[in-house]
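Inspection log for the structure reproduced underneath, given as structure tokens.
The values are calculated or read from the model by the stated rules, or taken from the named source; none is laboratory data. Fair warning: this is a prediction, and the values are worked out from it, not measured in the lab. All Cβ positions, glycine included, derive from the backbone under ideal geometry; neighbour counts span all protein chains shown.
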């Protein structure tokens with residue numbers, strides 16, 4: 001027991017940061033799933049790897065308060081190329097996403113090799129490291145959650161209309177979707193520090209799918225989703241301690257139990 005408490009003390013800032021990240025992801029997840037765009041966070045995480053490596057090469061000692069906004073801006077700019085290709089080449093969004101993702105990954109690999117970043121730092125970007133989280137990370141995650149909550153409370157019905165593909169007068173869906181993408185980039189950049197770019201998108205899919213399937217109405221889905229996401233943080237930490245595995249892997253394995261139980265229930 002003392003060993004477990006010592007483990008929690010060692011990773012407390014990472015766990016607290018992940019708690020607020022899970023809440024932020026839970027507020028945006030339903031609209032992504034209802035729009036049948038579950039791979040969007042996954043695409044952003046792959047695009048994010050390039051800005052992270054560029055920033056680490058140009059500004060190796062950049063403070064986290066500046067690193068996260070800069071990474072968000074660069075990721076948002078790169079993600080907008082998906083929209084440009086989609087319209088310029090008249091191709092589907094998934095095809096445009098694949099082009100931008102693979103090009104970003106190729107350039108990131110070149111920078112990792114040529115810039116001597118092909119070491120533990122690259123692995124921490126890919127799979128996350130909860131030990132690297134600091135009190136500053138926690139504060140940023142709290143601010144991101146508050147901003148996401150305010151955005152959700154103000155625009156939840158407009159986001160639902162946009163996600164379902166409906167059109168209502170007075171709703172600028174293009175601007176709304178751009179702001180939504182900005183918030184999503186902000187969350188993904190924050191989550192990548194703790195969970196890694198390859199695993200952070202799971203927080204947008206596992207619990208969201210279960211909540212939307214089990215909730216009798218959309219109004220009740222966010223509360224269930226937030227509860228499931230929150231439970232995955234201590235659950236993942238427990239699995240990480242018991243089996244000596246990365247926290248991110250433990251959290252995702254814990255969330256997979258939701259789907260397993262739902263499958264047994266037959267929903």
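Please specify each residue of the stretch 1-33 satisfying the condition of being more than 17 Å from the chain's Cα centre (by Cα) and in a helix (DSSP H, G or I).
Start the filter on the stretch 1-33 by keeping residues that are more than 17 Å from the chain's Cα centre (by Cα), which leaves 1-13.
Result: 2, 3, 4, 5, 6, 7, 8, 9, 10, 12, 13.
Looking only at the stretch 149-172, count how many residues are assigned to a helix (DSSP H, G or I) and farther than 12 Å from residue 31 by Cβ.
Pass one, the stretch 149-172, residues assigned to a helix (DSSP H, G or I): 149-163.
Those left that are additionally farther than 12 Å from residue 31 by Cβ: 149-150, 153-154.
Residues in the stretch 149-172 being assigned to a helix (DSSP H, G or I) and farther than 12 Å from residue 31 by Cβ: 4 in total.
Which of the residues belonging to the stretch 41-76 are part of a helix (DSSP H, G or I) and more than 22 Å from residue 143 (Cβ to Cβ)? Working first, answer last.
From the stretch 41-76, those part of a helix (DSSP H, G or I) are 41-58, 64-76; that's our starting set.
42, 43, 46, 47, 49, 50, 53, 54, 56, 57, 58 - these are the residues of the stretch 41-76 that are part of a helix (DSSP H, G or I) and more than 22 Å from residue 143 (Cβ to Cβ).
Looking at (1) more than 29 Å from residue 224 (Cβ to Cβ); (2) outside any helix (DSSP H, G or I); (3) in contact with a helix residue (DSSP H, G or I) (Cβ under 7 Å, 6 or more places away or on another chain), which is the only condition residue 38 fails?
(1)
Here are 90, 95, 104: which of them is more than 17 Å from the chain's Cα centre (by Cα), on the phi > 0 side of the Ramachandran plot and at pLDDT 80 or above?
Numbers: 95 fails: on the phi > 0 side of the Ramachandran plot; 104 fails: on the phi > 0 side of the Ramachandran plot.
From the options 90, 95, 104, the qualifying one is 90.
Looking at (1) modelled with pLDDT of 90 or more; (2) closer than 18 Å to residue 128 by Cα, find the lone condition where residue 226 falls short.
(2)
Within the stretch 229-242, work out how many residues are farther than 16 Å from residue 6 by Cα and surrounded by fewer than 23 Cβ atoms within 10 Å (Cβ to Cβ).
The number of residues fulfilling the criteria is 3.
Out of contact with any strand residue (DSSP E or B) (no Cβ under 7 Å at 6 or more places or on another chain), surrounded by 12 or more Cβ atoms within 10 Å (Cβ to Cβ) and free of Cβ contacts under 8 Å to residues at least 24 places away in the same chain - does that describe any residue in the stretch 17-34? Explain how you work it out, then say what you get.
Kept after step one, since they are out of contact with any strand residue (DSSP E or B) (no Cβ under 7 Å at 6 or more places or on another chain), are these residues of the stretch 17-34: 17-34.
Filter again for surrounded by 12 or more Cβ atoms within 10 Å (Cβ to Cβ), leaving 17-34.
With the extra rule that they be free of Cβ contacts under 8 Å to residues at least 24 places away in the same chain, the set shrinks to none.
No: zero hits.
Conditions first: (1) surrounded by 13 or more Cβ atoms within 10 Å (Cβ to Cβ); (2) farther than 18 Å from residue 189 by Cβ; (3) without any contact (Cβ under 8 Å) to a residue 60 or more places away in the chain. Residue 90 passes all but one, so which condition is the exception?
Checking residue 90 against (1) surrounded by 13 or more Cβ atoms within 10 Å (Cβ to Cβ); (2) farther than 18 Å from residue 189 by Cβ; (3) without any contact (Cβ under 8 Å) to a residue 60 or more places away in the chain, the one that fails is (1).
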